[in-house]
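A quick write-up on the structure given underneath.
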Amino acid sequence: RGLWQICSVTYQYKQPQLPEQIRWMICDCYVDTIRHDLSPEKVIGLEYKEAKELSLKLINECNIKLGKQPDIMT
């Protein structure tokens, strides 16, 4: 829940024009993708490079899948 909340608050701050329902769908996708690929321990231990790679993966899999422009990056 904490990860989803961080995602939602970050999007709300960085992309205030994004409709709430779209923000929720993106954050659901982000959290589902992270849970599928990584354990909580692995997420906590990510190095900077790994975190950047994960961010790109989430953007590519979630933002674009939901029909959002790829320039929405948080």
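Side notes on the structure shown:
- Fully extended contour minus Cα-Cα distance, from Ala51 to Gln17, at 0.36 nm per residue: 9.6 nm
- Gyration tensor (alpha-carbon) shape descriptor, the chain, a/c threshold 1.5: prolate
- Nearest-ten-degree value, helix 2-14 long axis tilted from longest Cα axis of the chain: 40 degrees
- Between helix 48-58 and the chain there is an angle of about 40 degrees, using the helix long axis and the longest principal axis of the Cα atoms.
- Stretch gain in nm, segment Trp4-Arg35, where the contour uses 0.36 nm per residue and the Cα spacing is subtracted: 10.0 nm
- Count, lysine Cα pairs under 24 Å in the chain, 8 or more residues apart or across chains: 13
Laboratory data are not the source of any read-out in this text; all were calculated from the coordinates shown. This structure is a prediction, so every number in the text was calculated from the model and none was measured.
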